[in-house]
Every structure is written in structure tokens, then in C-alpha cells.
1. Is it true that some residue in the range 238-246 is open to solvent by less than 50 Å² (accessible area, probe 1.4 Å) and over 30 Å from residue 489 (Cβ atoms)?
2. Counting only residues that are surrounded by 11 or more Cβ atoms within 10 Å (Cβ to Cβ) and part of a helix (DSSP H, G or I), how many does the range 97-112 have?
3. Working only within the range 522-566, note down all residues that are open to solvent by less than 30 Å² (accessible area, probe 1.4 Å) and out of contact with any Asp or Glu (no Cβ under 9 Å at 6 or more places or on another chain).
4. Need a quick list: helices (runs of 4 or more DSSP H) entirely within the range 567-682 having at least 1 residues that are open to solvent by 10 Å² or more (accessible area, probe 1.4 Å) and modelled with pLDDT of 80 or more.
5. Quick check on the range 469-500: of everything there that is in contact (Cβ under 8 Å) with a residue 24 or more places away in the chain and open to solvent by 60 Å² or more (accessible area, probe 1.4 Å), which residue is farthest from the chain's Cα centre (by Cα)?
6. Based on this model, can you work out whether residue 503 counts as among the hydroxyl-bearing types (Ser, Thr, Tyr), within 26 Å of residue 558 (Cα to Cα) and open to solvent by 40 Å² or more (accessible area, probe 1.4 Å)?
7. Is there a residue being among the small types (Gly, Ala, Ser), in contact with a Ser or Thr (Cβ under 9 Å, 6 or more places away or on another chain), assigned to a loop (DSSP other than H, G, I, E, B) and surrounded by fewer than 18 Cβ atoms within 10 Å (Cβ to Cβ) anywhere in the range 698-714?
Amino acid sequence: MTGFLRHPALAALLLLTPFPAMAEEKAPSYNRDVRPILSDNCFLCHGPDAKGRKADLRLDTFEGAAAELDGGFAIVPGKPDQSELLARVTSHDPEERMPPPKTKKPALDAKQVDILTRWIAAGAEYEPHWAFLPPRAESGQNSIDAFIRARLEKEGIAPSPEADPRTLIRRMSLDLTGLLPTPEEVDVFIRAHAADSDAAVSALADRLLASPHYGERWGRHWLDQARYADSNGYSIDSLRAMWPFRDWVIAALNADVPFDRFTIEQLAGDLLPNATTAQRAATAFHRNTLINEEGGTDNEQFRNEIAVDRTNTTGAVWLGLTVGCAQCHTHKFDPLTHEDYYRLFAFFDQGTDVNNRGTTIKVREGEFLDAPPDPGDAAALAEAEAKLRAVRGEAEARQARWEAMVKQGTVEEDIRWEPLVYESYLTSANATFRLLPDNSLLTDGKAKGNDDYLVTAKTPLREIAALRLEVLTDPSLPAQGPGTAGNGNFVLTGVEVRVGDETVEITSARASHAQPDYPVRAAIDGSDAGGWAINVGAGTPPGVRMNAPHEAHFVFAKPVAVNGRPITVTLRHQRNPDYLVGRFALAVAATAPQVGPLEPALRKTLVEAAKTDPDKRTKAQQELLAGTFRRIDPLQSSLADKVAQLKAASTGATGVDLMVMEDLPANKQRQTFIHLRGDFLNPDKTTGPLTAAAPAFLPPLESTSTNPNRLDLARWLVSP
């Protein structure tokens, strides 16, 4: 199994290439010649579906077709003239002809009749569908070239000449990595090919297969099967972080993970004994379903649709079978019954996720496959936590001085912010802005997708130590903004500052408000995986709203001399499409602020809390004062940031929640019934609850439990 994933194109070519032994035969083949005729014209009324079967005649099995019916036989092996099937398909009587005119299907043509006649004359041998037969080894030549050569000879086509070395390395590079070779790589290969062509090709293949880009190139095909997306779908297409699953697929391909393990971990890694982080992350394969967050939706409806999607995808990907036809009725053309479908469905009916709720795990970029944390992080984390505890112990005096200042109504520092004088403002997609009288810039509405803003400006200041970004509301924006998303939000993934040709290092960021899990520091971490956003959630101070003005301060590592040079500010939006800042203003300061900005909505509440006698303050007032001070106190907040970063590095948690599979406990398992006509509101309780099982026409599934689970299904799919 190890070799299957090494080159999926090879497997596809073997499946599509006719074997020389399958060339012209004297008698028609049931699978190749006869089944397509019967399937297209007869099985709808005379196939496996007992409920929809006409005249109690079944033509998809030998027993059904050769059974006596009303004194006659549809098929009499070896005797076409006595076979009612041929009489009906050649009849000109509208009452007798098959298929009936009312089906709007044309009468069989002479070629189709000839195939049926010769097949019956030869004995009417039925064959199981080729897809449900075990693979068998062919005797004789078995190289791909032998199969291709046989077909070329049959068609009278001469093989193309062997590709020259320059073309060969281009083809192999594009096929295996999706990237063109460099000129240097081409030159090296040409010289090696001239010395020993076979060795050169073999070495090139080994090098390309060892490239990390191999997994990226071939992983994208698997991600298509996994329905991979980093957003939820439906009309509220909110962000979700599924990229760790993408990384798992790439790592698995590059590590040449055997196909049986590749399958088992994706379908049931969470059910393996002592499952690792990577094995649990692999089960995100089936959390890639759409999630509906619209108001008024029925959770049970979408839970059912999720289970249907997982059932149908498993059938398509691992069985190569459109099982979805049997969601509403027994399959018309394949031997899959309505009950078979819901026994397969039962494997996925036990998931804990209901609509957008379910199991998640924290994952870290580059963690796969289960890389241990850097042991140095643990020591650094312990040191930082000790410093943070010490600083908080010393902070009482600083907080008392701050509360005294707040009591007088002075909530923030007296920092002089100098508005930038804009010289140009556009986006990477060439959208632009309107300059408003208050020196703010309002989008023209043409910026879409993941766009970056580029603002060039001047300042009269000789040096600058910090940048202030104000995000502002406007009636022209969705929900009045400040962002362009439907709810007025934005996700700012990066803030970059240049003075002339000099890149300015930003060491800290503070915001008056940040959405939970979307801190403003994520806009300066060099990654597009996170960002600053402004929605509200648990822990948001009272009175703070999303659709209101907010501001952020970005402090430089050291003051930067300007000397008349232009200042370029780039605002990046590379995470959520169309989650852009809608209206904003920029200013700079010669002195770096020591504390962060505060929400206007908090100022009055803070002053009231500070003026209240400490012994009479409510618990909410105490928490507001202490929490606000911890956030703006430069010593505590900078150390808290460092602790958070070190925790992420040492524990594997980056704040990224990856959705993974998990089943309900045994005592809370759901009962699965057939859904009449596929309607989850109409369960068929006459047949009783169903036990999860493989389709009856395939080899039985073995389980040590009376209630087989996804792990049993996964092992069955890859069993010999």
C-alpha cells in the first residue's frame, strides 16, 4: 500500500488503460457491452429496487431474468428466439415495446439488439460489476508501456519519440511538484542524462519525490475530495481555521504514509488507542462540511445534512460509489438498498457536532507529524511567568496612582498625535479612497477579497516613535462599519511601516478593544493566520460595541528619524475575504505611549468606579479597574504577551481551534432509522433502529463490538 500514494497518477492510468486481454472477444461481455444497455433502458423498472419494480421482473441478476414469469422467460440462455426480452425490445407494438414510449426513451438500435442477441446465444453469462470484484494480477507483461503499446497498435498509431532531456525534466517537475525547474537544474540534468539517461531520470524522480512541494502538489487533489475550505459556506461565510488539516495531508504525503494508515487516521484517528494530536487532527477530513450560522435554522436538520455529507463522501472517495442515490430509495442501478444506506449513515450519526458546535483541539503551525515542543521553551516560559508574578506583586502602588489619576477624570496619557499628511492612498487591487474633512480615508467600495491598503504620507515631526490607527464608523459601510464585512467587522492581518527605504520595527501593539482570540498583536506577528478584529464576545467590558470607533497604537523598537522622508503605511487583510477596514485615520507621535488606548464607552464607567470608595465598590467595578490596569500597564502587558507566546510554543497551542471528529459516549448514542424519501422528519420506525454495517452486497464488516463505529468502518475499507 505504501506505493499507492507515491504517485496517484500511476493508479489512475492503470485504471483507465484497457488491458490487451480485453480486446475484441467473440461473445459480448456482460460488464462491458450488455450491462450499459440494460442499465440505461431497463433497470429503472426492472432493477434492484423492489418497491419500484414493474411486473415483478428483475433483469439485473441471472436468477431474476431467467425465472419463469406468466408462462414465459425474459432470457433463455442459448435461445434468443425464445427470450421474451428480445421480442419486447424489437416489437413495433406500442403496448408491447420496451422500453415503453411513455418513458421517452428511444427504441434500442440495431447494434444494441445485436449485442443482446449474441450475448444470449452465447449463454447469457452474468458478471458481477467490475468495481465490486477483488483486483487480480495479470499474467505476462505488466509494465505500463505494454498496455499503452497494445492500444496504440490496435489503433494503428506509432509511439511518439522519446522526450528530449529539457522537456523531460520540465514534465516531471510540473507533474510531481507543480513547479518549473530552475535553469541550473535543467543544465545539471542535461549533463547527467547525456552520461547515463536511466540513472539521471531515476535520480531526478527521487529528488522530486523527496521535495516538500510534492505533498503540496498532490495534496491539493485529496483536499478537493475532503471539501477543504477555511470558511463555513452558506450566506454567512465565516472564517474557520482548517489549515492544520491541510498541513497534515501535505506532511502525510511527504512522509509516504501508507494508504491504510492514511485512511484510518482521517476517518477514525480520534478512536485509535492513545490518539496523538496528529491522528486527531487528521479527522478534520469529515469536519470540512458546510456550517450554517444563519438565524432561525434547525440544528437537527443541519446535523442530519452533515451526517449525509459524510456518508456520501465516504462512499464516493473510498468506495467509488454514488451511495447518495440510496438516501431516498433503493439504488436503481447499483446493488445498494435503502437500508444499506442508513446502516452506513449510522457510522456518522453519532458525531458530537451540532451545526457549528463540536469538538476542537488546539494546534500549532508546523506541528505535524507530532513534533515534540522545543524543551528550551519550557524553561523560558517558567522564567517569564515568574517575572510576571513579581511584576504583578509590585503593581499595586502603580495601580493606586493610576486610580487616583482616573478619579480626577484623566484616563489616558497626554500624548500629542500628529495626523499624517496623505500624499497617495490606494490598494493592491487599485481601489482608492475618499479623503474626508476630518483627515480620515473612506473606501470607495471597490476594494474586495484579500486586499492590502498602501498609504504614503508626510509629517512635520523630525522623528516618530509610534503610529496610531483609528477605525471609524460611516453610514455608507455595512452596519455602519468600521469594517466592510456584512456585520461591520474587519480582520487586519498586518501593519507595516516604512520611512523612506527603512523598514520600521514594531515591537508592541495596544488596542482600545479587540475581539476575543483576535488581539491587535496578531497584526504585527508576521503571520496572516491571525489578525485584529473588533467583534464582541465573552470578556468584553460593558458598554463596548463592535460598530463604534476604535483605535490601536503601534510602538516602534526605537524612535525613527524622518528628516522629510515619506512614510509608507501598509494595512494587510489576508485572512477573511471582504473583511477590510472601511474608514480609518493615521497619526504619528514623537513619544511612544506607555499605556494603551481606552474605549470612550469605558471612560465614564472607569471614572465612576475610581470615585467609589474602595470598600464600597461592586465586584464588577473592582474587576473593571484591575483588569483595565493590567491591560494598559506596560510592564504587565508586555510580560503577559511574552507568556502567551511562550505557552503557544511550548504546549502546541497557538489559539487556532481545529474542528475534529468525536462521537457521543456509549450511553448517549442516537438511534438510526431509515428516513422515508430521505426526510429526517419521517423516520421508518417499522423497521426498528439500525445497527451500523457495511452494504450487504460487499464482504461483511468485522467488529468486536455489537455497535460498530467509524474505526471498524475505516479498517474494513482497507482490509485485504
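The values are calculated or read from the model by the stated rules, or taken from the named source; none is laboratory data. Just so we're clear, the structure is a prediction, and the values are computed from it rather than from any experiment. Every residue, glycine as well, gets a Cβ built from its backbone with ideal geometry; the counts of neighbours run over all protein chains shown. Note: accessible area is taken over every heavy atom of the protein model, side chains too, but ligands, DNA and RNA are not part of it. Shrake-Rupley method; radii C 1.70, N 1.55, O 1.52, S 1.80 Å.
1. Step one: filter the range 238-246 for residues open to solvent by less than 50 Å² (accessible area, probe 1.4 Å), giving 238-245.
Those still in the list that are over 30 Å from residue 489 (Cβ atoms) too: none.
No; the residues of the range 238-246 include none that is open to solvent by less than 50 Å² (accessible area, probe 1.4 Å) and over 30 Å from residue 489 (Cβ atoms).
2. The first filter runs over the range 97-112 and keeps only residues surrounded by 11 or more Cβ atoms within 10 Å (Cβ to Cβ), leaving 97-101, 103, 105, 107-108, 112.
Adding the requirement that they be part of a helix (DSSP H, G or I) leaves 101, 103, 112.
Here the count works out to 3.
3. So the first thing to find is which residues in the range 522-566 are open to solvent by less than 30 Å² (accessible area, probe 1.4 Å), and the list is 522-523, 530-534, 544, 546, 548, 550, 552-556, 560, 562.
Selection gives 522, 523, 531, 532, 534, 546, 553, 554, 555.
4. Working: elements: 600-611, 619-632, 634-651.
Passing ranges, in order: 600-611, 619-632.
5. Filtering first and then ranking leaves 498.
6. Values: among the hydroxyl-bearing types (Ser, Thr, Tyr): yes; within 26 Å of residue 558 (Cα to Cα): yes; open to solvent by 40 Å² or more (accessible area, probe 1.4 Å): yes.
So residue 503 passes the test.
7. Step one: list which residues in the range 698-714 are among the small types (Gly, Ala, Ser), which gives 703, 705, 714.
Subset that is in contact with a Ser or Thr (Cβ under 9 Å, 6 or more places away or on another chain): 714.
Still in the running and assigned to a loop (DSSP other than H, G, I, E, B): none.
Scanning the range 698-714 turns up no residue that is among the small types (Gly, Ala, Ser), in contact with a Ser or Thr (Cβ under 9 Å, 6 or more places away or on another chain), assigned to a loop (DSSP other than H, G, I, E, B) and surrounded by fewer than 18 Cβ atoms within 10 Å (Cβ to Cβ).
Condition check ((1) open to solvent by 50 Å² or more (accessible area, probe 1.4 Å); (2) touching a strand residue (DSSP E or B) at 6+ places or on another chain (Cβ under 6 Å); (3) closer than 22 Å to residue 574 by Cβ) across all residues:
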site	(1), (2), (3)
211	no, no, no
214	no, no, no
225	yes, no, no
233	no, no, yes
258	no, no, no
262	no, no, no
